[in-house]
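To keep things clear, I will list the structure first and then write my remarks on it.
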Amino acid sequence: MADHRKGNSQPPNGKAAGAGSAYSIDLSKFSERLNILYSHWNEHKSDLWGSSDVLAIATPPPSEDLRYLKSSALNIWLLGYEFPDTIMVFMKKQIHFLCSQKKVSLLDVVKKPAKEAVGADVLMHLKTKGDDGSGLMDAIFRAIRTQSKADGNNSSVVGYIAREVPEGNLLETWAEKLKNANFQLTDIANGLSDLFALKDKEELVNVKKAAFLTTNVLNNIVVPKLENVIDEEKKVTHSALMNETEKAILEPSKAGAKLKAENVDICYPPIFQSGGEFDLRPSAASNDELLYYDSASVIICAVGSRYKSYCSNVARTFLIDANPLQSKAYTVLLKAHEAAINALKPGNKVSAAYQAALSIVEKDAPELVSHLTKSAGTGIGLEFRESGLNLNAKNDRVVKSGMIFNVSLGFQNLQNQTNNPKKQNFSLLLADTVIIDNDRADVVTSKSSKAVKDVAYSFNEDDEEEEKPKGKAEVNGTEAFMSKTTLRSDNHEVSKEELRRQHQAELARQKNEETARRLAGGGSGIGDNRAAVRALTDMIAYKSVNDLPPPKDLMIQIDQKNEAVLLPIYGSMVPFHVATIRTVSSQQDTNRNCYIRIIFNVPGTPFSPHDANSLKFQGSIYLKEVSFRSKDPRHISEVVQQIKTLRRQVVARESERAERATLVTQERLQLAGNRFKPIRLPDLWIRPVFGGRGRKIPGTLEAHVNGFRYSTTRQDERVDIMFANIKHAFFQPAENEMITLLHFHLHNHIMVGNKKTKDVQFYVEVMDVVQTLGGGKRSAYDPDEIEEEQRERDRKNKINMNFQSFVNRVNDLWGQPQFSGLDLEFDQPLRELGFHGVPFKSSAFIVPTSTCLVELIETPFLVVSLSEIEIVNLERVGLGQKNFDMTIVFKDFKRDVLRIDSIPSTALDGIEEWLDTTDIKYYESRLNLNWRQILKAITDDPQSFIEDGGWEFLNLEATDSESERSEESDQGYEPSDVEVESESEDNDSDSESLVESEDEDEDDSEADSEEEKGKTWEELEREASNADKEKGVESDSEEERKRRKMKAFGKSRGGPSSSVPKRAKLR
């Protein structure tokens, strides 16, 4: 687009600049793209570049008209911005620029990079004021002829852009002289189109930012404005709506987009159409007619914006009290549009997109085929319509990763059966900007919903509402049409619940299809990433016998340096590394004898997860435990304490070493230095806290070039957090809490002190904990009390403002081009959507954000990415229940589900509404399910899961309708724990029950802990006593047997409190 407006004038940051110029050229990008241009030219010279030996690009003078030209696009792509009234000639060994003095001084810096990149000399031809440039042009033609002779050719083939009409004296003179220069001319438009088709990373980011602005304008400006106009029955023209929308694009802050205004522009004047006059071409204009929004009317909105000259586009159709024909047509169009997008996969032909859309229309509504647009869109980028990537039925080009498409599909000139000319004719249009990724199509404008529930509005009064079902029944084979929540309806809540139910049904279909695709591709989850633990055999106390310390008395010795315990065994001191010891304990009997008992880690012990020794020394015999007796209780106590301390230190060190071994290597932090002053936020506390026994001190958080650094005055207390490792960033100001905080949830673990963590939090307490010593009750009107409260409010506001300032500055830093691929921005929890629940062991206030579900006050922290959620199951939902549970099932089926327990039933509607608006499918059940068993069954046999309807086995409504006459349906109101007990008693232990039994899990964990601890002195004595009694049963007296019988009887009646056996008496 030959447009001199602000979208093209922004110079890249920090690059070489021409003398005396405010502009700058990114030399590294110039070198890279010049190399790409020459490589593409050489590779496709005959098929795309018309066998041209020379490329001649003439850029016209600036114009106020909005237009797209390939010459301007090449300027921006290669040099960063447009050079109007300039001629560029590319040859094998030379590059010629013919332009004014200002441009020459700016372009002078590209000479060296051009020579290094492609071996071409850059020659500048300075056109003075009043000169038509003829002499300079002759010099260029002589250079072309010289090259042609050197190559052994009689004449040169000069490529130019045939469709671009020359404008201005310079270009008209150039075109005339070029025709008369006896060169063979050829069109190179196809070569340039193919060159621009594949975008690099920076270009993709620019399109994403343009799409972000476009969707923000549509969602935050256009839709609210339309709703307000229609609801209050205002009169506004299409052109007025166009002007207001254009202003919002040019001032991104109005639409809530944090983009610099000098970088943005419109792609075309926004288009608003209604009232029977529709034109689906991008060249359409908004007329001065009033917006028409009576019943059965259609409104089409199309908005396109540019960021650094890269385009994005979105178009939506809004239906007002849609009739059956409009409902059906839109449903079919939506389905066809999705099919076209899904067909744009790397390796497919471009024509597959239109064929996929056409197939849907032919199958679902053959009568509408003649009204379907002849194309499904075009490529988009620096040009709004890239000619080589037209999505029609004949384009055989192959879709590649890095291409970008404006997928635009519509029905035109459909006819309603009415005499009203403003309703008689209507059209429908949908458009989205789509980036082709490695394996899928990424719709970057999906933030602007095109779902039926979000574009269909109902404003009919009650008498009209009664007629609607009849009209809907006339549509053959179509489901009930979903309308957006009625803005002026008496039955607002009923309509809202019905819309939610219908949307959830659609989500269920989409989710089952998505899960089926993922399971079919083997993407059910990620493998077990359990860290390898250092084997006991790696723990060597002494390399040889000569390293043993000199023997003292035959007493237990502790060698702190070599981390060994030396035990006297058969007159020799035998060393054991302290890591081989499992437990150590001491005991004193009635004769003042002290015993020390040491239990070792040995292979084959139950519940021992890492048993490397048994594999390395399979035939060896191991010492399991050893006991020593001593008359010196003080020495025994010291030995036990030293062994425990030494063992704790070694275990902590090895645990930290094992944790660090699994860490992903991070890039080094680049300190700000002289580049810029780091952004600082002082006096912060950190969680998790650093280790050590000293007094905790606050530190400072600084934002540097590529990450944050938190440090205190102690040298060893420092944490670096790289920007590239941040998955989510949160800012939560203090409202009802005592702290204001910044929280970072990371992609990969880091070490904070000696703790491995993915969550790092920095906070300040906004209120000091004050204890009133007076004890008396103070009046609410006490001046001291009022002054103290005011001080607390001021302190809280000041802290919140300091944090907000830090967050704003960091967001600006993250908005720079080098961080655009990270998609970082501080998210703020939405307190009004929060609810109480128990995610771990204690109750907490859980709050959604735009991308996550978080709890950032209590530890452990809870951060759940909404994009990782497969479904949500709301359990124990039923009449009479005060609480229910939320189970979150992740897309990675090998990951345990997350249970949030004891959520008040009053929060159910709010949670369901939030889940629905975030497009998360949820189900309800009356019982807690055994999710480990369910997920195992799915991953073991995904085909059966798909064939049985996917997640629909959780659909309570479907289950109730199938079994409403059965006995089970009558037991629906029984508490879940009663049903769990009955099932666990009736079924065998091997049965696969979906009802979770928490008691069994607790028993297992207790058994694990019992086995790990080893047997206590009481247990050993009790076993010995029982063994003695079993041997002496025959010799016991009758009285003794009766006593034992009575004791056993009393024990059986005593219940749990009497189940602990008393210690056996020694006789």
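The values are calculated or read from the model by the stated rules, or taken from the named source; none is laboratory data. No experiment lies behind these values; they were computed from the predicted model shown. Positions of Cβ are generated from backbone atoms using ideal geometry, with glycine treated the same way; all protein chains shown enter the neighbour counts. Each accessible area value is taken on the protein alone, full model and side chains, heavy atoms only, with ligands, DNA and RNA left out. Shrake-Rupley method; radii C 1.70, N 1.55, O 1.52, S 1.80 Å.
Structural remarks
- Looking only at residues in region 63-74 that are surrounded by fewer than 21 Cβ atoms within 10 Å (Cβ to Cβ) and among the charged types (D, E, K, R), the one that is nearest to the chain's Cα centre (by Cα) is ARG67.
- From the list THR700, THR662, the lone residue that is open to solvent by less than 60 Å² (accessible area, probe 1.4 Å), of a type in the set (Ser, Thr, Tyr) and modelled with pLDDT under 85 is THR662.
- Of everything in region 32-62 that is among the polar types (S, T, N, Q) and farther than 23 Å from GLY152 by Cα, the residue that is most open to solvent (accessible area, probe 1.4 Å) is ASN35.
- Subset of region 160-180 (residues that are under 19 Å from MET91 (Cα atoms), in a helix (DSSP H, G or I) and either out of contact with any helix residue (DSSP H, G or I) (no Cβ under 7 Å at 6 or more places or on another chain) or not aromatic (Phe, Trp, Tyr) (or both)): ALA175, LYS177, LEU178, LYS179
- Within region 238-259, tally of residues that are touching a residue at least 12 places away in the same chain (Cβ under 8 Å) and either open to solvent by 40 Å² or more (accessible area, probe 1.4 Å) or part of a helix (DSSP H, G or I) (or both): 15
- If you check SER286, SER253 for being assigned by the TED database to the domain that holds THR317, in contact with a His (Cβ under 9 Å, 6 or more places away or on another chain), of a type in the set (Ser, Thr, Tyr) and over 20 Å from VAL452 (Cα atoms), only one passes: SER286.
Residues checked against (1) in contact with a Phe, Trp or Tyr (Cβ under 6 Å, 6 or more places away or on another chain); (2) over 25 Å from PHE861 (Cα atoms); (3) open to solvent by 30 Å² or more (accessible area, probe 1.4 Å):
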site: GLU875; (1), (2), (3): no, no, no
site: GLY878; (1), (2), (3): no, yes, yes
site: ASP885; (1), (2), (3): no, no, no
site: ASP901; (1), (2), (3): no, no, yes
site: PRO904; (1), (2), (3): no, no, yes
site: GLY910; (1), (2), (3): no, no, yes
site: THR918; (1), (2), (3): no, no, yes
site: GLU924; (1), (2), (3): no, yes, yes
site: ILE934; (1), (2), (3): no, yes, no
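- In region 737-754, the residues that are under 19 Å from LEU853 (Cβ atoms) and either free of Cβ contacts under 8 Å to residues at least 24 places away in the same chain or in a strand (DSSP E or B) (or both): LEU741, LEU742, HIS743, PHE744, HIS745, LEU746, HIS747
- Some residue of region 337-353 being open to solvent by less than 60 Å² (accessible area, probe 1.4 Å), under 23 Å from ASP279 (Cβ atoms), in contact (Cβ under 8 Å) with a residue 40 or more places away in the chain and part of a loop (DSSP other than H, G, I, E, B): no
- Residues (in contact (Cβ under 8 Å) with a residue 12 or more places away in the chain, on the phi < 0 side of the Ramachandran plot and open to solvent by 60 Å² or more (accessible area, probe 1.4 Å)) located in region 179-212: GLN184, LEU185, ASP187, ASN190, LEU198, LYS201, GLU202, LYS208, PHE212
- Tally, over region 90-119, of residues that are part of a loop (DSSP other than H, G, I, E, B) and either touching a Lys or Arg at 6+ places or on another chain (Cβ under 8 Å) or not charged (D, E, K, R) (or both): 3
- Of the residues making up region 402-422, those that are open to solvent by less than 50 Å² (accessible area, probe 1.4 Å) and in contact with a strand residue (DSSP E or B) (Cβ under 8 Å, 6 or more places away or on another chain) are GLY402, MET403, ILE404, PHE405, ASN406, VAL407, SER408, LEU409, GLY410, PHE411, LEU414, ASN416.
- Within region 547-576, the set of residues being open to solvent by less than 40 Å² (accessible area, probe 1.4 Å), polar (S, T, N, Q) and over 60 Å from the mean Cα position of the chain (by Cα) is empty.
- Extreme residue, farthest from LYS894 (Cα to Cα), among residues of region 936-956 that are open to solvent by 20 Å² or more (accessible area, probe 1.4 Å) and of a type in the set (A, V, I, L, M): LEU956
Conditions (1) modelled with pLDDT of 95 or more; (2) hydroxyl-bearing (Ser, Thr, Tyr); (3) within 31 Å of the chain's Cα centre (by Cα), marked per residue:
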| site | (1), (2), (3) |
| --- | --- |
| ASN287 | no, no, no |
| SER297 | no, yes, no |
| SER312 | yes, yes, yes |
| ASP321 | no, no, no |
| SER351 | no, yes, no |
| LYS363 | no, no, no |
| VAL369 | no, no, no |
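- Each residue in region 577-593 was checked for being basic (Lys, Arg) and either surrounded by 16 or more Cβ atoms within 10 Å (Cβ to Cβ) or closer than 15 Å to LEU1020 by Cα (or both), and 1 of them qualify.
- Test for VAL122: is it open to solvent by 20 Å² or more (accessible area, probe 1.4 Å), more than 19 Å from TRP174 (Cα to Cα), assigned by the TED database to the domain that holds LEU48 and not in a loop (DSSP other than H, G, I, E, B): no
- When residues in region 76-89 are screened for being in a loop (DSSP other than H, G, I, E, B) and within 13 Å of ARG33 (Cβ to Cβ), 1 of them pass.
- Hey, VAL854 of a type in the set (Val, Ile, Thr) and open to solvent by less than 20 Å² (accessible area, probe 1.4 Å) or not: yes
- Conditions (1) within 23 Å of ALA431 (Cα to Cα); (2) in contact with a strand residue (DSSP E or B) (Cβ under 8 Å, 6 or more places away or on another chain); (3) open to solvent by 30 Å² or more (accessible area, probe 1.4 Å): number failed by THR215: (3)
- Of all the residues in region 703-736, those that are assigned to a loop (DSSP other than H, G, I, E, B), touching a Ser or Thr at 6+ places or on another chain (Cβ under 7 Å) and open to solvent by 40 Å² or more (accessible area, probe 1.4 Å) number 0.
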